[in-house]
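Notes follow the structure.
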Amino acid sequence: MKSYDHKKIEKKWQDRWEKESAYQAVDNSDSPKAYILDMFPYPSGAGLHVGHVEGYTATDIYSRFKRMQGMNVLHPMGWDAFGLPAENYAIKTKVHPDETTNAAINTFRTQIKALGLSYDWTREIGTHTPEYYRWTQWFFLTLFNNGLAYKKMGKVNWCPKDQTVLANEQVVDGKCERCGTVVEQKDLEQWYFGITKYAEDLITGLDTIDWPESTKAAQKNWIGKSEGAEIDFAIAESDQKITVFTTRADTLFGATYLVLAPEHPWVTAMIEGGVTILTNTDAVKSYIAATKMKTDLDRQEQVKEKTGVCLEGVWAINPANQEKIPIYIADYVLPQYGTGAIMAVPAHDVRDFAFAEKFNLPIKLVISNDDDPSKEIIGESLYTGTLGILVNSGSYSGMMPNNAKRAITEKFGRAKTTYKLRDWLVSRQRYWGAPIPIIYCDTCGMVPVPEKDLPVLLPRDVDFMPTGESPLKRSESFQHVSCPTCGKPARRESDTLDTFVCSSWYFFRFADPHDTDTFASKELLQKWLPVDLYMGGAEHTVLHLLYARFFTKVLQTLGYISFNEPFLKMRHQGIILAEDGRKMSKSLGNVINPDDVVSVYGADSLRVYEMFMGPIEQSKPWNTNSIIGSRRFLERVWGLYPNVTDRPLSSGGLLEILLNQTVKKVTGDIEGLKFNTAISAMMVLINAIPPKSEVPRAFYETLLKLLAPFAPHISHELWELSGHTTELRLEAWPVADELKSKGTTVHIAIQINGKTRSDVDAPVDSDKATLEKIARDVVAGKLEGKTVSRVIVVPNRLVNFVVTE
RNA sequence: GCCGGAGUGGCGGAAUGGUAUACGCGAACGACUCAAAAUCGUUUGUCGAAAGGCAUGAGGGUUCGAGUCCCUCCUCCGGCACCA
């Protein structure tokens, strides 16, 4: 018997599959398609991580399984190659990011191939290649031409370390997602994509897709839909008004003051216009200045202490009761949400209450909560619930809050839905990204680069030291251009696109990766998209996964595609933690390098181990000791092949029953992405063979087919060793014979009052009366002297006697 | 505070409302060996000599029967958060 030499075997099959282009997706095939996709990696210098291996193995198993079931599978791989780390590394080492990126890609590709993953390498793409980013730029222009890309002056997040602006989604807890530096706010003119136009679609679409609940909830949270009302408050002795947004129109009678964000345009206008009724202009000005100094993080951290300034001399009129109420500016009201102005109802809102207490403002109760059994009264007169009835509310007194909400909105305002989602800031002051295809001409203004002139090439010779301006601004050859409209000297936009723009459409490109006329042809998009199974980390919940959905919806609106969700089924692989239960990180020195594991145990063992660790979506700690279990399992499969005989499986025998049960179990488990239990089922199967005994060929070959998606190298080798001249991957997936998966007897539990007291083997599918009789005989002694009041019989399962003494 | 998810042996974990702890790791003992490794076998939730109790974060409930369904609470993980 040959020994199991994983190195030799794995190399042999990887080379063969490469030579055969074994896993190419077929564009012109009538077989049903399956598009199975991994989130393409950022090719970092650190190389492949065991976390990558987990997700990639899962989709590989699924892909191989679907192919054996006769499907035409598209399973591609590519590189999310633009981005800051390569550029920052370049700044440190003076090596061009193009070089480091390509080197990293080569490493990744080699590592991935060493795992035996069945990608269609003819479709490999890199977002940093002109052939690719030409179409990234085309998307920008398409959005621009449809009013979905625009340039705007505004307060933006600025990372002082990375020297670039960031999208809202890239700011986590007030810090830069990449480097952890506290983000500053700056007023800058930047490019945005109009994702907020799709806020509602992005919410409703979630109901149509099979995604983890947590991810759907996180996206909903992020979009932050809130249904309420806008209500106008007139300014006393003027023809002006302030519009507030509220979700509690029912408490309008309790509004005892207004609060505006310090940045509110009406306040700015009033100060700049020198409105005379304001009597404390200096105090107001200095409060606004102080607010400007604060970062968003400061503003969040100072939640406990409310601050603000009254606009003295200015009054608003509560439209409900015509009362004159004061107006404040305070930074607890955010300029970018709602209308940047609120009506304060201290009796029924925690924040307004705190503010009113500090500034001694009247607190007027308008909802009596006597009927609320759970009375959430904080302090003496704060109630935030919506049970009870309205009081002190004119003709609305006595109504239930939810009804009053409707009535008061109708009378004094208008229904309004707001979203927390902001438009997506896409321009970056960095080098290593796709240039924004816009030209500025003194005569013609802002001119989009004509499609025929794409791509706008990223120049190679650029000093990419960051200075707060795009390095492209310092490239003379890049900057100077003639205006496409009038031909006069003009200059190019020097910012590049956020890398998330590149990754928002790559899954379309895989359908038609070499197309030079379109980003992907309509026919091939129609054939391959949407993605049937998408696998990737959970860290992109509100970034990539939201942006990709946005792009898809835009393309549908513009008629390029006929579906509006890109990823029908999506799962996250859990994080693989280090053995100590902490996150793997270079600084902790607890990183497991997959190459080492492949070298010692083999790719097949690594694949099986990572799938066997537990449910794919769960975070779980790595345990090098445990890999040995997966390796032992494969060794046992290997060790069986000399014992294979041509004697058929004995009909109705234990092996035949178990084999059919296992086929059914493994098939269902792969379909449900429950790889850990599929593997354990195969282990059970092989444990049923006594050592050194003969193994019927039908049994062994079915086992190899089941194992093929999980451990492709060893199973292909054994298939060949069994005398086959065609490859295992071309075999049809086995189908369980339902009849043969049942034995003649079945184990029945016998319970008394729900507690198992005995058990017995009974003929399979016995009727209830027979089972009861069999069971009664077994436990006759225990039932003696007791009255059986009821008997529950679950066929093929149990018999339960309910007795009284 | 709001939203989502999860708590089961020493460890990773399994279980359509129907015999909890499958499968694997580890451990103990045994076989093989001069010895070790590898391999194979047996045992392995807990109390108990046994019969039999008791155990799925805690406490209630529904049910003939609950890890699973319902209620209250605790802990952990993830997302959002002065969002009106």
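The values are calculated or read from the model by the stated rules, or taken from the named source; none is laboratory data. The model shown is predicted, which means the values in this text are computed figures rather than measured ones. Every residue, glycine as well, gets a Cβ built from its backbone with ideal geometry; the counts of neighbours run over all protein chains shown. Accessible surface is based on the protein model in full, side chains and every heavy atom, while ligands, DNA and RNA are left aside. Shrake-Rupley method; radii C 1.70, N 1.55, O 1.52, S 1.80 Å.
Quick check on my filter: what residues within segment A:766-805 are of a type in the set (D, E, K, R), at pLDDT 85 or above and either buried (at least 16 other Cβ atoms within 10 Å of the Cβ) or not in a strand (DSSP E or B) (or both)? A:Asp767, A:Lys768, A:Glu772, A:Lys773, A:Arg776, A:Asp777, A:Arg797 - these are the residues of segment A:766-805 that are of a type in the set (D, E, K, R), at pLDDT 85 or above and either buried (at least 16 other Cβ atoms within 10 Å of the Cβ) or not in a strand (DSSP E or B) (or both). Is segment A:267-274 home to any residue that is open to solvent by 60 Å² or more (accessible area, probe 1.4 Å) and touching a strand residue (DSSP E or B) at 6+ places or on another chain (Cβ under 8 Å)? No; the residues of segment A:267-274 include none that is open to solvent by 60 Å² or more (accessible area, probe 1.4 Å) and touching a strand residue (DSSP E or B) at 6+ places or on another chain (Cβ under 8 Å).
Give A:Gly445, A:Gly388 a once-over and let me know the one that is modelled with pLDDT of 90 or more and at positive phi. Walk me through how you get there before you give the answer.
Working: A:Gly388 fails: modelled with pLDDT of 90 or more.
Being modelled with pLDDT of 90 or more and at positive phi holds for just one of A:Gly445, A:Gly388, which is A:Gly445.
For segment A:621-632, residues that are within 8 Å of RNA strand B (Cβ to nearest atom), open to solvent by 10 Å² or more (accessible area, probe 1.4 Å) and outside any loop (DSSP other than H, G, I, E, B) total 7.
Condition first: charged (D, E, K, R) and either modelled with pLDDT of 95 or more or not in a helix (DSSP H, G or I) (or both). Now tell me which residues in segment A:202-213 satisfy that. Across segment A:202-213, the qualifying residue is only A:Asp210.
Contact map, segment A:461-488: first residue on the phi > 0 side of the Ramachandran plot, second residue assigned to a loop (DSSP other than H, G, I, E, B) and open to solvent by less than 60 Å² (accessible area, probe 1.4 Å), Cβ cut-off under 9 Å, separation 6 or more or different chains; pairs are A:Gly468/A:Pro160; A:Gly468/A:Gln163; A:Gly468/A:Gln429.
Give the residue that is surrounded by the fewest Cβ atoms within 10 Å (Cβ to Cβ), with candidates limited to residues of segment A:252-265 that are touching a helix residue (DSSP H, G or I) at 6+ places or on another chain (Cβ under 8 Å) and more than 17 Å from A:Phe355 (Cα to Cα). The selected residue is A:Glu263. You will find that of A:Thr467, A:Thr499, the residue that is open to solvent by 20 Å² or more (accessible area, probe 1.4 Å) and within 24 Å of the chain's Cα centre (by Cα) is A:Thr499 and no other. Among the candidates A:Glu124, A:Glu99, A:Glu54, the residue that is crowded, with 19+ Cβ neighbours inside 10 Å and among the charged types (D, E, K, R) is uniquely A:Glu54.
Taking every residue in segment A:331-359 that is closer than 11 Å to A:Lys306 by Cα and pairing it with any residue that is more than 7 Å from RNA strand B (Cβ to nearest atom) and open to solvent by 50 Å² or more (accessible area, probe 1.4 Å), at least 6 positions away or on another chain, the pairs with Cβ-Cβ distances below 6 Å are A:Ala356/A:Ile363.
Taking the options A:Glu784, A:Glu738, name whichever one is of a type in the set (D, E, K, R), at negative phi and in contact (Cβ under 8 Å) with a residue 40 or more places away in the chain. Don't jump to the end; show me each part of the working.
Values: A:Glu784 fails: in contact (Cβ under 8 Å) with a residue 40 or more places away in the chain.
Sole residue among the options that is of a type in the set (D, E, K, R), at negative phi and in contact (Cβ under 8 Å) with a residue 40 or more places away in the chain: A:Glu738.
Within segment A:710-723, residues that are open to solvent by 10 Å² or more (accessible area, probe 1.4 Å) sit with their Cβ atoms under 7 Å from residues that are of a type in the set (D, E, K, R), at 6+ positions apart or across chains, in these pairs: A:Ser722/A:Glu701.
Anything in segment A:26-53 that is closer than 17 Å to A:Val598 by Cβ and touching a Phe, Trp or Tyr at 6+ places or on another chain (Cβ under 8 Å)? List them, or say none. Reasoning before the result, please.
Within segment A:26-53, the first condition is being closer than 17 Å to A:Val598 by Cβ, and the residues that meet it are A:46-53.
A:Gly47, A:Leu48, A:Val50 - these are the residues of segment A:26-53 that are closer than 17 Å to A:Val598 by Cβ and touching a Phe, Trp or Tyr at 6+ places or on another chain (Cβ under 8 Å).
Can you name the helices (runs of 4 or more DSSP H) wholly within segment A:73-190 that have at least 1 residues being touching a residue at least 12 places away in the same chain (Cβ under 8 Å), more than 17 Å from A:Trp424 (Cβ to Cβ) and within 22 Å of the chain's Cα centre (by Cα)? Working first, answer last.
Numbers: elements: A:84-93, A:97-113, A:130-145.
Output list reads A:84-93.
The test for being in contact (Cβ under 8 Å) with a residue 40 or more places away in the chain and either open to solvent by 50 Å² or more (accessible area, probe 1.4 Å) or part of a helix (DSSP H, G or I) (or both) does not hold for A:Ala25. Is one or more of the residues making up segment A:559-580 closer than 30 Å to A:Thr142 by Cβ, of a type in the set (Ser, Thr, Tyr) and surrounded by 15 or more Cβ atoms within 10 Å (Cβ to Cβ)? Within segment A:559-580, one or more residues are closer than 30 Å to A:Thr142 by Cβ, of a type in the set (Ser, Thr, Tyr) and surrounded by 15 or more Cβ atoms within 10 Å (Cβ to Cβ).
Within segment A:157-210, how many residues are among the aromatic types (Phe, Trp, Tyr) and surrounded by fewer than 16 Cβ atoms within 10 Å (Cβ to Cβ)? It would help to see each step written out before you state the result.
Initial filter on segment A:157-210 (among the aromatic types (Phe, Trp, Tyr)): A:158, A:191-193, A:198.
Narrowing the set further to residues that are surrounded by fewer than 16 Cβ atoms within 10 Å (Cβ to Cβ) leaves none.
Total satisfying the criteria: 0.
All of A:Val637, A:Val554, A:Val542, A:Val597 fail the test of being within 20 Å of the chain's Cα centre (by Cα), buried (at least 16 other Cβ atoms within 10 Å of the Cβ) and within 16 Å of RNA strand B (Cβ to nearest atom), apart from A:Val542. Among the residues of this structure, A:Asp207 counts as one that is more than 15 Å from A:Arg428 (Cα to Cα), of a type in the set (D, E, K, R) and out of contact with any His (no Cβ under 9 Å at 6 or more places or on another chain). For the criterion of being modelled with pLDDT of 95 or more, open to solvent by 70 Å² or more (accessible area, probe 1.4 Å), under 40 Å from the mean Cα position of the chain (by Cα) and more than 15 Å from RNA strand B (Cβ to nearest atom), A:Leu730 passes. Of the residues making up segment A:326-376, those that are over 27 Å from A:Asp282 (Cβ atoms), modelled with pLDDT of 90 or more and either among the polar types (S, T, N, Q) or within 8 Å of RNA strand B (Cβ to nearest atom) (or both) are A:Tyr337, A:Gly338, A:Val345, A:Asp349. Within segment A:609-620, if we keep just the residues that are assigned to a loop (DSSP other than H, G, I, E, B) and within 6 Å of RNA strand B (Cβ to nearest atom), the residue that is farthest from A:Gly581 (Cα to Cα) turns out to be A:Pro615.
State whether the residues of segment A:713-725 include one that is closer than 30 Å to A:Gly602 by Cα, hydrophobic (A, V, I, L, M, F, W, C) and within 14 Å of RNA strand B (Cβ to nearest atom). Within segment A:713-725 (the criterion being closer than 30 Å to A:Gly602 by Cα, hydrophobic (A, V, I, L, M, F, W, C) and within 14 Å of RNA strand B (Cβ to nearest atom)), the answer is no, since none of the residues qualifies.
Within segment A:661-694, the set of residues being surrounded by 21 or more Cβ atoms within 10 Å (Cβ to Cβ) and away from RNA strand B (no atom under 12 Å from the Cβ) comprises A:Val663, A:Val666, A:Ile670.
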